[in-house]
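Take a look at the structure set out below.
The values are calculated or read from the model by the stated rules, or taken from the named source; none is laboratory data. Quick caveat: nothing in here was measured; it's all calculated off a predicted structure. All Cβ positions, glycine included, derive from the backbone under ideal geometry; neighbour counts span all protein chains shown. In case anyone asks, the SASA skips ligands and DNA or RNA and just uses the protein heavy atoms, side chains included. Shrake-Rupley method; radii C 1.70, N 1.55, O 1.52, S 1.80 Å.
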Amino acid sequence: MTVVLEEKIEAIFRQVIARNPGEEEFHQAVKEVLETLGPVLVKYPEFAHQKIIERVCEPERQIIFRVPWQDDKGEVHINRGFRVEFNSAIGPYKGGLRFHPSVYLGIIKFLGFEQLFKNALTGMPIGGGKGGSDFDPKGKSDNEIMRFCQSFMTELYRHLGEHTDVPAGDVGVGGRELGFLFGQYKRITNRYESGVLTGKGIGWGGSLVRKEATGYGAVYFVREMLKVRKNSVEGKTCVVSGSGNVAIYTMEKLQQLGAKVVACSDSNGIIVHEKGIDLDLIKRLKEVERRRISDYATHHKDAKYIAGGNIWEVPCQIAMPSATQNEINGKDAMTLVKNGCIAVGEGANMPTTPEGVKVFLDAKIAYGPGKAANAGGVATSALEMQQNASRDSWTFEYTDKKLDDIMTRIHSTTYETAEAFGLEGNYVAGANMLSFIKVAQAMVPLGLI
Ligand code: NDP
């Protein structure tokens with residue numbers, strides 16, 4: 001890359017920081033993409049003339065709103081709601097809602113920025129957006145959750161629509177929350193508009209496999225990375241962080257492919273079970289009883305619960321971070337590599353810090369960044385939208401095969417793009433470059449928008 005070009009990209013990044021002060025996660029996500037775009041601008045100088053990078057770094061629309069709600073004791077609470085509509089060049093804004101106390105504009109913008117590129121990789125007609133609230137669903141009753149969701153949707157509904165903006169779940173937003181959100185949307189608009197939300201329940205417009213899709217998809221991606229290296233998932237020892245939606249179905253697919261998962265976690269601690277994690281128990285504790293992972297050890301005396309433990313210190317060959325951003329730092333990455341880890345597949349969004357990413361790339365292990373590896377969730381959301389549009393519902397096997405094909409294609413196209421730019425095996429560069437080219441090629445013909 002020429003020095004002039006490098007300086008140009010650096011200047012764009014400095015401007016992003018100046019225009020978005022204090023939004024560290026957003027800066028991190030932008031930097032990681034911009035760092036890989038030099039060769040793309042050399043090949044497509046028109047993208048620089050059209051100021052595509054500057055345009056994609058500025059969301060089309062950012063909505064921030066008050067969410068007042070009452071708890072079971074009648075006390076009033078005020079939370080903040082967000083929806084950042086990043087880019088709709090390829091299709092309606094699409095991306096989940098996160099309810100977690102750590103949520104602020106910088107988190108939603110990093111997620112929306114990642115989402116835009118991830119969605120482009122799927123090859124489906126979906127743009128990028130993300131939303132959520134600093135509301136903490138933990139410890140709330142079902143009625144409190146319902147009142148919060150109804151208040152949230154009472155503001156958000158006016159910005160949504162099956163051809164405009166289509167949210168889904170994310171951290172803290174699962175089937176229960178999506179039900180309350182969809183119910184309120186239907187009530188306010190008087191429209192049964194199935195395509196306005198994805199991740200819906202099977203009885204009210206949802207798609208089979210959506211629940212499993214992110215986790216299954218991430219494992220399909222790891223399977224493909226290992227295939228290139230003439231290796232496989234079968235027989236490998238694995239560690240999966242988190243114990244939410246993505247983690248559970250990552251563990252399920254790993255087990256189905258003959259791997260052994262020895263550890264998982266929540267934000268309080270980790271469970272290590274050398275015999276292999278009992279997934280039925282995890283599902284019961286987390287999906288049905290909404291309990292903490294520490295309860296696992298009371299059912300299995302040979303399992304160890306370590307409060308505040310670091311899951312990346314548990315030796316494994318495959319690591320699948322599936323909890324949250326920046327959960328693997330440089331030191332964790334070094335520990336993983338030292339302990340014999342040969343593949344990392346990111347189910348979570350941006351779970352590895354830049355220092356950690358560098359360790360994986362330098363060690364030349366199979367490293368699948370979230371943008372590519374966890375795209376199966378949103379891809380299956382797009383399949384849900386297809387079924388809603390045609391008033392159809394597909395079988396589990398048919399939908400799972402489509403998911404598998406999509407993940408296999410995302411793997412091969414990101415691999416080939418990296419190879420074409422002389423960066424064989426670098427899926428970070430491949431995913432960033434390919435998705436940026438797709439977004440840019442959709443933006444240019446639409447004029448200055
Ligand atoms: P869930 O809410 O179902 O589960 C999240 C899990 O991660 C829980 O075990 C939670 O523990 C843990 N966790 C969340 N935040 C933190 C934190 N700040 N520190 C430590 N642990 C934390 O969310 P999902 O499984 O849906 O999402 C997990 C990741 O996958 C996120 O990065 C999300 O953006 C990403 N993702 C999700 C998709 C989906 O389809 N759901 C699609 C693509 C990516 P605890 O219960 O203690 O909070």
Accessible-area composition of the chain, carbon plus sulfur, in percent [1.4 Å probe]: 51 percent
Which of Ile270, Ile306, Ile328 ends up with the largest GNM mean-square fluctuation for the chain, with Cα atoms connected below 10 Å? Ile306
Yeah, region 3-56 with a ≥ b ≥ c from its alpha-carbon gyration tensor (a/c under 1.5 is rounded, else prolate when a/b outruns b/c, oblate otherwise) is prolate
Below 8 Å, C-alpha to C-alpha, sequence gap of six or more: please give me the relative contact order for region 70-147 in percent. 43 percent
Identify all aspartates and glutamates with a Cα-Cα distance to Lys364 below 19 Å; exclude those on the same chain that are fewer than 8 residues away in sequence. Glu32, Glu35, Glu224, Asp332, Glu346, Glu355, Glu416, Glu419, Glu424
If you place +1 on the Cβ of every Lys and Arg and -1 on the Cβ of every Asp and Glu, how big does the dipole about the Cα centre of region 215-361 come out, in debye to the nearest 20? 260 debye
Based on DSSP, what percent of beta bridges with both residues in region 61-191 are antiparallel, to the nearest 5? 70 percent
For Trp312, Trp204, Trp394, give the ranking by accessible area with the largest first, probe 1.4 Å. Trp204, Trp394, Trp312
Kirkwood hydrodynamic radius of the chain, Cα pairs, Å: 22.1 Å
For the full complex of protein chains and a 1.4 angstrom probe, list His49, His299, His100 by accessible area with the highest value first. His49, His299, His100
Using a 10 angstrom cutoff on alpha carbons, build the Gaussian network for the chain and name the most mobile of Ala89, Ala420, Ala319. Ala420
Take every Cα-Cα distance within region 115-187, group them into 5 Å bins from 0 onward, and report for each bin the whole-number percent of pairs it holds. 3, 14, 25, 24, 16, 11, 6, 1
Connecting every pair of Cα atoms under 10 Å apart in the chain and solving the GNM, the largest mean-square fluctuation among Phe396, Phe99, Phe26 falls on Phe396
How large is the direction-averaged shadow of the alpha-carbon convex hull of region 212-373, in nm²? 8.2 nm²
For the cross-link pairs Lys211/Lys402; Lys31/Lys227; Lys230/Lys401, which exceed 24 Å when the distance is taken from alpha carbon to alpha carbon? Lys31/Lys227
How large is the dipole of the chain about the Cα centre if only Lys and Arg carry +1 and Asp and Glu carry -1, each at its Cβ, rounded to the nearest 20 debye? 480 debye
The chain: antiparallel DSSP beta bridges as a percent of all, rounded to 5: 55 percent
Once the whole set of protein chains is in place, how much accessible area is left on Arg292, using a 1.4 Å probe, in Å² to the nearest 10? 70 Å²
So what is the calculated 222 nm ellipticity per residue for the chain, using -39500 (n - 2.57) for each DSSP H run with n of 4 or more, over all residues, to the nearest 500 deg cm²/dmol? -14500 deg cm²/dmol
In terms of solvent-accessible area of protein heavy atoms at a 1.4 angstrom probe, what is the ranking of Lys401, Lys109, highest value first? Lys401, Lys109
